[in-house]
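Notes to accompany the following structure.
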Amino acid sequence: MPQIFPPVSSKIIQRDYAIQPRHVNRVLGREFERNPIVGIYGLENWLTPYVATALHADQAVLVFKPEKIPLKELAQMIDTQKIMVICTENAKYQFTVKNIKIDKGGLIICSLPTDLYMVQRRDGFRVSPPPDESFKLIVGLGAAQELLTNVVNVSRNGLQLDMRAGVTEVSVGGYWHTCYFERQSSSSANFNLQIQHSCQGNDVARLRVGCKLYEPTTQTLKEFENIVDTISRARLMANLKKWYLDLDWWNG
């Protein structure tokens, strides 16, 4: 059975998880082109989900191919409401469909949902930042010295950065203190990083260093979450040039 993922309770879905209604068709249309696996859940019973493959999405309907769903149980879906969960490389999407129909070919047909939520699949999920030369990670080296680095990707609890080789010691298990994100004259709160791995970058003069947050504060956790969500939403809305406008710590 393909791997599917349960829904997130409506009690903990945050407002900023919602995709703007005018973008729902475009987002689902793009994701359906990859024919992802879909988990189909009852509104309350999540113990016995069904599995389908997403086939097509347009401005009116969504089409799914059921995977090993008995005909009797397929027929019982008609005119019901279900929660659909789609996991892609980017995120977990969740939406509720109404008035399900089954066509002559046994495909599941339903109307385009009015609400669509993009939920992080896991805490380690990483996003690549937009091509913004002003967005940097600053590493504090002590004695009032700082190292300017590039952000390769970022998750809710860590990041990978690109830096010049040889400018400072990089050892797995080591710590960097007083680090912060910077964009132009704005900066995030300070945080500490623990080095997890390192390898050569695109050339011998560069290093790729993977780090995780070390004893993060509540503010730091919120700021990392905000960065990941802001980049993800901007990419979905095709608005990467102005991605930073929703950063909590950007004061431009």
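The values are calculated or read from the model by the stated rules, or taken from the named source; none is laboratory data. Note that this is a predicted model, so its numbers are computed, not measured. Here the Cβ positions follow ideal geometry from the backbone for every residue, glycine too, while neighbour counts run over all protein chains shown.
For residues that are without any contact (Cβ under 8 Å) to a residue 60 or more places away in the chain, of a type outside the set (Val, Ile, Thr), more than 16 Å from Leu62 (Cα to Cα) and outside any helix (DSSP H, G or I), tally how many sit in segment 4-33.
Of the residues in segment 4-33, 4 are without any contact (Cβ under 8 Å) to a residue 60 or more places away in the chain, of a type outside the set (Val, Ile, Thr), more than 16 Å from Leu62 (Cα to Cα) and outside any helix (DSSP H, G or I).
Being under 18 Å from Lys222 (Cα atoms) and exposed (fewer than 14 other Cβ atoms within 10 Å of the Cβ) is the filter here; which residues of segment 1-23 pass it?
Residues satisfying the conditions are Ile12, Gln14, Arg15, Asp16.
Residues being in contact with a Ser or Thr (Cβ under 7 Å, 6 or more places away or on another chain) and among the hydrophobic types (A, V, I, L, M, F, W, C): count how many of those fall in segment 181-204.
Of the residues in segment 181-204, 4 are in contact with a Ser or Thr (Cβ under 7 Å, 6 or more places away or on another chain) and among the hydrophobic types (A, V, I, L, M, F, W, C).
Name the residue that is farthest from the chain's Cα centre (by Cα), counting only residues in segment 182-204 that are assigned to a loop (DSSP other than H, G, I, E, B) and on the phi < 0 side of the Ramachandran plot.
Step by step, filter segment 182-204, then rank; the result is Val204.
Step by step: first the residues of segment 220-252, then only those that are in contact with a strand residue (DSSP E or B) (Cβ under 9 Å, 6 or more places away or on another chain) and under 27 Å from Val170 (Cα atoms), then the one that is surrounded by the most Cβ atoms within 10 Å (Cβ to Cβ). Which residue is that?
For segment 220-252, the residue satisfying everything is Ile227.
For segment 218-234, indicate whether the set of residues that are more than 16 Å from the chain's Cα centre (by Cα), assigned by TED's automatic domain parsing to the domain that holds Phe191, farther than 15 Å from Arg126 by Cα and outside any helix (DSSP H, G or I) is non-empty.
No, there is no match, as no residue in segment 218-234 is more than 16 Å from the chain's Cα centre (by Cα), assigned by TED's automatic domain parsing to the domain that holds Phe191, farther than 15 Å from Arg126 by Cα and outside any helix (DSSP H, G or I).
In segment 164-179, what residues are surrounded by 13 or more Cβ atoms within 10 Å (Cβ to Cβ) and either among the acidic types (Asp, Glu) or touching a Gly at 6+ places or on another chain (Cβ under 8 Å) (or both)?
Ala165, Trp176, His177, Thr178, Cys179 - these are the residues of segment 164-179 that are surrounded by 13 or more Cβ atoms within 10 Å (Cβ to Cβ) and either among the acidic types (Asp, Glu) or touching a Gly at 6+ places or on another chain (Cβ under 8 Å) (or both).
Please identify the pairs in which a residue from segment 132-147 that is more than 16 Å from Thr168 (Cβ to Cβ) has its Cβ atom under 7 Å from the Cβ atom of a residue that is in a strand (DSSP E or B), counting only partners at least 6 apart or on another chain.
So the pair list comes out as Ser134/Arg183; Phe135/Val151; Phe135/Arg183.
Criterion first (small (Gly, Ala, Ser), under 25 Å from Gln14 (Cβ atoms) and loosely packed, with under 13 Cβ neighbours inside 10 Å) does Ser155 satisfy it?
So Ser155 fails the test.
Being surrounded by 20 or more Cβ atoms within 10 Å (Cβ to Cβ) and part of a strand (DSSP E or B) is the filter; apply it to segment 104-117 and report the residue that is modelled with the lowest pLDDT.
Going through the qualifying residues, I end up with Tyr117.
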